[in-house]
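What follows is a single structure, written as structure tokens, with notes after it.
The values are calculated or read from the model by the stated rules, or taken from the named source; none is laboratory data. This structure is a prediction, so every number in the text was calculated from the model and none was measured. Neighbour counts run over all protein chains shown; Cβ positions are idealised from the backbone, glycine included. Quick note on the areas: whole protein, heavy atoms, side chains included, nothing else; ligands and nucleic acids left out. Shrake-Rupley method; radii C 1.70, N 1.55, O 1.52, S 1.80 Å.
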Amino acid sequence: MDRSDRALVGRINDTFAYATQFLHYGMEIRPLVTWADSRAGQFVAEWQVTQDHIGAAGCIDEGLLGTVTDNATAMLIGSALSERGKSVSTSISVQAVAPVLPGAVVEI
């Protein structure tokens, strides 16, 4: 990750810090961007799962994962393209392959 990509990570995390809360059924979620490659248009955001995020089945609900992924991706794309004055909307599908339990770090 070069200096301009580190600056992009800082800009994106600053945007997250001032953005409206990411909410899903009243739960606040704030992913943290840890890596970016502006040339490839790739980002990694992480989110720590806590007991507050766990549903009745004992793990995270797919809807919560979908909401976090959708919100984070929109913020990432918007931040990366803000200098160009364009934005993109995406369609995301989330399907569980294994339970996500408290303490897990989800990468987007």
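Structure notes:
- Working from label points 7 Å from Cα in the Cα-to-Cβ sense, the Glu46 to Glu107 distance is 1.0 nm.
- Approximating the spin labels as points 7 Å out from Cα along Cα→Cβ, the Leu32-to-Ile92 distance works out to 1.9 nm.
- Arg6 contributes an accessible area of around 130 Å² to the protein surface, as traced by a 1.4 Å probe with all chains present.
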